[in-house]
Amino acid sequence: MFFGEALKPKELLGLVITVVTVIILLYEAFYVNLTTGGIGTKGVVSTHAALFSASFLLILIGPWLWLGEVPLAVKKIIEAKTGTKAK
Amino acid sequence: MYPILLLVIVLVLYGLAYVFYGKKLLEQRVAKADPTRLTPAYAKFDGVDYVPANKYVLYGHHFASIAGAGPIVGPATALAWGWLLPLVWVLFGNIFIGAVHDYMAIMASTRHGGVSIMTISESVMGRKARYIFLIYVWFALILVLAAFFSVAAATYEAVPTAATMAILYMPLALLFGLLVYRAGLKVKSATVLLLILVFLMLMYSFYAPTYLTYEGWVIVLALYSIIAAALPVWYLLQPRDYLNAYLLWFFVALAVVAPLLVPVIGFTGPAVIGFAATGALLGAPAGTFPAGQYIAWFWPTVPLVIACGALSGFHSVVGSGTTSKQLANELDALLVGYGGMLTEGAVSSLAVILPAALVWDFASIAKSAGISLDLLLKAGIDVAKTPNILGFPGAPRFYTAYGFTQAIAWSRVFGVEVFPAFFTGFKTFAAWALTAFILTTLDTCNRLARFAWVEMFEWLKPKTLSNPKGLSGYGVLTNRWVASLIPVLVGGILAYPTIPGVGKPYIILWPAFSGTNQLLAALALLTSTLWVYAILKVRGGPSALMLIPALFLWITVTAALLVWLVLIVPYLPPLYIAGAGTITAVSVALDLLLLALFIRGILLARRA
């Protein structure tokens, strides 16, 4: 379900959030830091620091929406151990 | 005293405690752990909270969840009494109370289908006990959230390179989970790959500070704890905490190696400064009457300062909350519960107290280590302004001492000229480690507050399946997001303002958080003792070994909280009288009710 079949709207949204967040992370952590010597400005809430810290939250949401159901590997272990169908 | 001697004493004590007190007594004679019994992780698997985990993964999760700011900031703050008294309390509390309490909470929960210690209290103390316990825990968790938001935000503001590492670490942890669970990569291969990436990111973060205000960080952390607490455990919590276990081992290993590199340099700090410190230690604002009075007596007030390093009630909520739901085998519980608590004690004794005792007097340690005062200044330590470690507040006291000790040790290998660079590097590492542990605690804490909240309103649950949401409001009240939002909102409000005469709010919030937390430990240990006595029918010596420390702790903490409520709270700003003061006063009242129910439970069990 990485890219093999059509994505549901929730998964597509998750994929978009993931891609955008990774771009923000890389841009702020590497480009902005290497050109300005830091992310943001001491003592104020700057756009760069706000974007970078927002990416900290968005990276939790994006992949979850995109790939968020219980992985097959975990389900199989449970079914083998309990003998019942896992959720 | 030489650091290497202290190191040997601590390691031998912990080794003996694990084998004789943990394995021989608790596992084999009290809990009688059985590897063939199906655990709730399998029996009640739901893919969100009940998910079996590898014992090392679970150890990582459990340790990372229990080790927040407590084992670090508490002992660092307690150095106001000197280094010996806090060390004795950490070792005693760890072996005889904390580790026993954690292990028994996990085992009791595992035998009851993974339910919380609060629900277990119902089976031994009655229905009222369960609801009183739930309310108590929910309030205590709010104080944990408030104190930890404040400590983490203050650390990110003071060490902006640690903030960058914390942000870069999150996608790496998620990547680990996806590689193992989805891409089918072997755990070992994924671990090696991720550890290399983490190391590279850590190196990079030394040159990449993230500047955000204290208030900005409080908001980010509050949002983080809401989101992270709602995610399935296999997605973030298990992989991130597994990696955190490596961070912890590396962190403790460095603390163990450092004394070996400086075998002939003795401690520069005083073993005992005094049995009483000023009220400022308990959060009294500067300029108020108690701030200058010597009212912080080591006994009984030590539990208001040292929390999780010695013992913690929060651990019973974690152990019977997220950990027992992931336990794959009953025999794993000793490593996870008892071993996890001893490891946390090692953090306090070896990574906090030992480094601080060593580098206490900066000029003196610099002279012993052959480092000039100019090099110290280059590293950012001005001996004229800050002559000793007590010149820093709790959290900076820890990462300064840890960074300083490591820099001295490694500069003996690489030359003294590397001291300033090593000091900065290890200080960042220590600050990041501190906040990494806090972050895991924040989301586990909010998850547990959600569990407690949902359990609290179980009496509203609709009886019919045809109308599952019901008209009672149960559906709305227990909604995952609503249940997560309320404690974070209250905790965030308490953590947000910077207070004149105090600084960051965690200085005021700490005694309230620590005291209610320690009282919770006493109550949870009493509950476990009653469970052992009434349900497992273990009588005599083994149950007395649990009961006596539990009662001693209960008396100590209750007395300490009364001291704080009477002598300190009236001088706090109004928000904190209404918030931390009220929560603590309510907690003491609930505590007395629970004690009465415990005594009744013991009497009933004796008659049965």
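Under the condition of being of a type in the set (Ser, Thr, Tyr), within 20 Å of the chain's Cα centre (by Cα) and modelled with pLDDT under 90, the residues counted in segment B:102-135 number 1.
Where helices (runs of 4 or more DSSP H) fall entirely within segment B:477-572, those with at least 3 residues that are under 30 Å from B:ILE226 (Cα atoms) are at B:480-495, B:506-534. Evaluating B:TYR50 against the criteria (1) out of contact with any Ser or Thr (no Cβ under 6 Å at 6 or more places or on another chain); (2) more than 14 Å from chain A (Cβ to nearest Cβ) leaves one unmet condition, (2).
Scanning segment A:10-42 for residues that are more than 7 Å from every other protein chain (Cβ to nearest Cβ) and on the phi > 0 side of the Ramachandran plot yields a count of 1. For segment B:35-44, filtered to residues that are facing another protein chain (nearest Cβ under 9 Å) and surrounded by 17 or more Cβ atoms within 10 Å (Cβ to Cβ), the residue that is nearest to the chain's Cα centre (by Cα) is B:ALA41. Output the number of residues of segment B:311-367 satisfying the condition of being among the hydroxyl-bearing types (Ser, Thr, Tyr), farther than 30 Å from B:PHE419 by Cα and part of a helix (DSSP H, G or I). Number of matching residues: 5. Quick check on B:VAL302: is it touching a residue at least 60 places away in the same chain (Cβ under 8 Å), surrounded by fewer than 24 Cβ atoms within 10 Å (Cβ to Cβ) and more than 14 Å from chain A (Cβ to nearest Cβ)? Spelling it out, it is not the case that B:VAL302 is touching a residue at least 60 places away in the same chain (Cβ under 8 Å), surrounded by fewer than 24 Cβ atoms within 10 Å (Cβ to Cβ) and more than 14 Å from chain A (Cβ to nearest Cβ). Is it fair to say B:VAL218 is within 22 Å of B:GLY68 (Cα to Cα), at pLDDT 95 or above and more than 9 Å from chain A (Cβ to nearest Cβ)? Yes: the conditions hold for B:VAL218. Would you be able to say whether some residue in segment B:4-14 is surrounded by 24 or more Cβ atoms within 10 Å (Cβ to Cβ), touching a helix residue (DSSP H, G or I) at 6+ places or on another chain (Cβ under 7 Å) and not charged (D, E, K, R)? No, segment B:4-14 contains no residue that is surrounded by 24 or more Cβ atoms within 10 Å (Cβ to Cβ), touching a helix residue (DSSP H, G or I) at 6+ places or on another chain (Cβ under 7 Å) and not charged (D, E, K, R).
Checked against (1) more than 23 Å from B:VAL144 (Cα to Cα); (2) buried (at least 24 other Cβ atoms within 10 Å of the Cβ); (3) out of contact with any Leu (no Cβ under 9 Å at 6 or more places or on another chain); (4) not aromatic (Phe, Trp, Tyr), B:MET107 passes all but condition (3). The condition of being over 26 Å from B:LEU494 (Cα atoms) and either surrounded by fewer than 20 Cβ atoms within 10 Å (Cβ to Cβ) or more than 9 Å from chain A (Cβ to nearest Cβ) (or both) does not hold for B:LEU168. Residues that are at pLDDT below 90, within 11 Å of the chain's Cα centre (by Cα) and more than 8 Å from chain B (Cβ to nearest Cβ) occur in segment A:65-86; there is at least one.
Here's the yes/no breakdown for (1) among the aliphatic types (A, V, I, L, M); (2) closer than 23 Å to B:VAL256 by Cβ; (3) more than 19 Å from the chain's Cα centre (by Cα):
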| site | (1), (2), (3) |
| --- | --- |
| B:ASN329 | no, no, yes |
| B:ALA333 | yes, no, no |
| B:ALA357 | yes, yes, yes |
| B:SER364 | no, no, yes |
| B:LYS385 | no, no, yes |
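Within segment B:186-201, is there a residue that is modelled with pLDDT under 90 and at the interface with chain A (Cβ under 8 Å from one of its Cβ atoms)? Within segment B:186-201, not a single residue is modelled with pLDDT under 90 and at the interface with chain A (Cβ under 8 Å from one of its Cβ atoms). If we scan segment B:209-223, do we find a residue that is acidic (Asp, Glu) and crowded, with 24+ Cβ neighbours inside 10 Å? No: segment B:209-223 contains no residue that is acidic (Asp, Glu) and crowded, with 24+ Cβ neighbours inside 10 Å.
Rundown of residues vs (1) surrounded by fewer than 21 Cβ atoms within 10 Å (Cβ to Cβ); (2) of a type in the set (D, E, K, R), yes/no style:
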site	(1), (2)
B:LYS23	yes, yes
B:ALA33	yes, no
B:ASP46	yes, yes
B:GLY70	no, no
B:SER121	no, no
B:MET125	no, no
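The values are calculated or read from the model by the stated rules, or taken from the named source; none is laboratory data. All figures in this text were calculated on a predicted structure; none of them were measured in a lab. Glycine also receives a Cβ, built like all others from the backbone with ideal geometry; neighbour counts cover every protein chain displayed.
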